[in-house]
Amino acid sequence: MLRRIMCLLPVVALLVAGAQADAWAFGHRHKKSACCTTAPACGCESDCGCTSGCGSSDCGCGGTALPADGGCGCGTTTVTKMVPTWETQTRTVTCTEYKQEERTRNYTVMVPETRTKTVNYTVCKPVTETKTREYTVQVPYTENVEQKYTVMVPTYEDKTVSYTVQVPYTENVEQKYTVMVPTYEEKTVNYKVQVPYTENVEQSYTVNVPYTEQRQGSRTVTKRVPETTMKTVTVRGGHWETQTMEVPVNSGGCGNSACGGCCECAPCTRTCCKRVWVPTCETKEVPCTTYKCVTEEVPYTYNVCLSRCETRTRTVCVNKCKTEDRQRTVKVCKMVPEERTRTVCVNKCRTESRDKTVKVCKMVPEERTRTVCVNKCKTETRTADYQVCSYVNETKSKEVNYTVCVPEQRTQTYNVCVPVQVEKQIEVKVCKMVAQEVEVPCGCSAPCGCGAAPACGCGG
């Protein structure tokens with residue numbers, strides 16, 4: 001459906017352009033003929049000054065006699081106008097259509113087939129044999145043995161020890177000390193005081209007075225305009241293909257670690273088929289609409305708030321201070337030293353010698369005997385039976401299934417789109433300009449030059 005619409009768009013554009021060209025030519029011829037018709041009386045005393053390029057046609061006012069009232073009576077006049085009318089026309093257009101066509105093709109398919117064959121293989125068979133051997137064992141036993149050992153036995157003795165002791169005692173002693181006794185005197189002192197007072201002072205200050213100013217500026221405006229271009233697009237496609245490959249098969253007897261490398265097996269493989277997707281790429285032209293940014297400068301008016309400085313005067317009350325001398329009586333304290341006596345109790349110590357009896361411990365060695373149980377081992381020879389396993393080679397056979405791919409011819413039917421040129425009848429709207437006479441009122445105050453209204457007959 002989209003391809004059909006894209007095929008019809010250039011045909012419709014050509015038809016519309018032809019219709020507009022016919023309409024323009026018809027209107028231009030009609031306007032020229034209307035211009036060269038004789039204009040009605042305009043009431044002009046001189047030539048109208050029409051420069052329409054009609055040659056010797058009576059387009060102005062110079063070829064017509066004026067009536068007694070100047071020809072500008074407040075009546076109506078007839079004016080010929082070109083009115084557009086639309087007509088529907090049928091035209092034949094050649095376009096491309098696609099029809100489905102059925103085709104047939106042959107292809108080969110690998111069909112898997114299961115077959116059976118006999119395979120000989122070698123197996124290692126285990127054989128068990130019993131043997132006897134001698135071995136030595138250490139048998140434990142216990143034995144009582146007399147053992148001598150030495151023990152340190154403690155003994156205590158009484159001993160007299162002399163020691164010194166500090167015995168405390170108290171003694172009263174007279175002691176002299178000095179005390180500072182306070183005495184007070186009255187004294188006159190001069191001092192200064194800051195007395196506050198107020199004073200009115202004229203002060204100048206600056207004020208910023210705001211005002212508004214109108215200015216002209218321009219700003220950049222960006223618009224988005226659509227633009228249609230053709231874009232190359234890659235479309236992915238592909239088809240399925242059948243491929244044959246060899247796959248190894250495990251026969252069951254080969255590769256066994258128990259064989260010890262004693263067997264020689266032929267490699268067993270089978271043929272498998274798999275489907276593989278083969279991709280393809282196609283290139284197409286597709287219309288793409290993008291939006292292009294167009295920048296233009298647009299003037300505008302804006303207001304700016306400014307300020308100007310003004311100097312003003314005001315009276316300010318200022319606080320000031322003045323110095324005054326005053327007197328006051330102050331009590332002054334003085335400290336006078338005075339000597340006194342007091343009795344103080346003093347702690348003292350004297351040395352005394354004393355005796356005390358102390359028990360002293362000494363360790364004396366003593367030899368003793370004890371019976372100890374000792375663990376010993378004796379050697380014994382014993383006999384044990386054990387089994388030995390050996391492997392004997394044995395040949396066996398088995399039936400093995402394997403798959404083989406056999407080629408087979410098949411037929412496939414598929415549809416193809418074939419382009420066909422078809423002629424169609426389409427309806428197109430055509431615009432034509434038709435002359436129509438209209439009565440309009442003629443004004444009395446307008447002059448009759450070429451710039452006058454069409455009602456005066458000077459314009460077409």
Residue pairs within 7 Å by beta carbon, gap of at least six or interchain, first lying in the stretch 388-407 and over 22 Å from residue 122 (Cα atoms), second of a type in the set (Asp, Glu) and surrounded by 10 or more Cβ atoms within 10 Å (Cβ to Cβ), listed first then second, are 403/113; 404/113; 406/113
The lone condition residue 359 fails out of (1) within 30 Å of residue 176 (Cα to Cα); (2) exposed (fewer than 10 other Cβ atoms within 10 Å of the Cβ) is (1)
Flagged pairs (Cβ under 8 angstrom, 6 or more apart or on separate chains; first in the stretch 426-439, free of Cβ contacts under 8 Å to residues at least 24 places away in the same chain; second assigned to a strand (DSSP E or B) and among the aliphatic types (A, V, I, L, M)) are none
Those residues of the stretch 395-428 which are exposed (fewer than 10 other Cβ atoms within 10 Å of the Cβ) and over 28 Å from residue 103 (Cβ atoms) amount to 395, 397, 399, 425, 427
Exercise for review: Determine whether residue 225 is touching a residue at least 12 places away in the same chain (Cβ under 8 Å), surrounded by 10 or more Cβ atoms within 10 Å (Cβ to Cβ), part of a strand (DSSP E or B) and β-branched (Val, Ile, Thr).
Suggested key: no
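Answer yes or no as to whether residue 347 is loosely packed, with under 10 Cβ neighbours inside 10 Å and closer than 30 Å to residue 139 by Cα.
Values: loosely packed, with under 10 Cβ neighbours inside 10 Å: yes; closer than 30 Å to residue 139 by Cα: no.
Taking the combined requirement at face value, the residue does not satisfy it.
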Residue set 205, 197; condition surrounded by 10 or more Cβ atoms within 10 Å (Cβ to Cβ) and under 30 Å from residue 314 (Cβ atoms); output residue 205
Residue check for residue 157: in contact (Cβ under 8 Å) with a residue 40 or more places away in the chain and under 30 Å from residue 354 (Cα atoms): yes
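We did not get these values from a lab; they are worked out from the coordinates using the rules stated. These figures come from a predicted structure and were not determined experimentally. Note: ideal-geometry Cβ built from the backbone for every residue, glycine included; neighbour counts use all protein chains shown.
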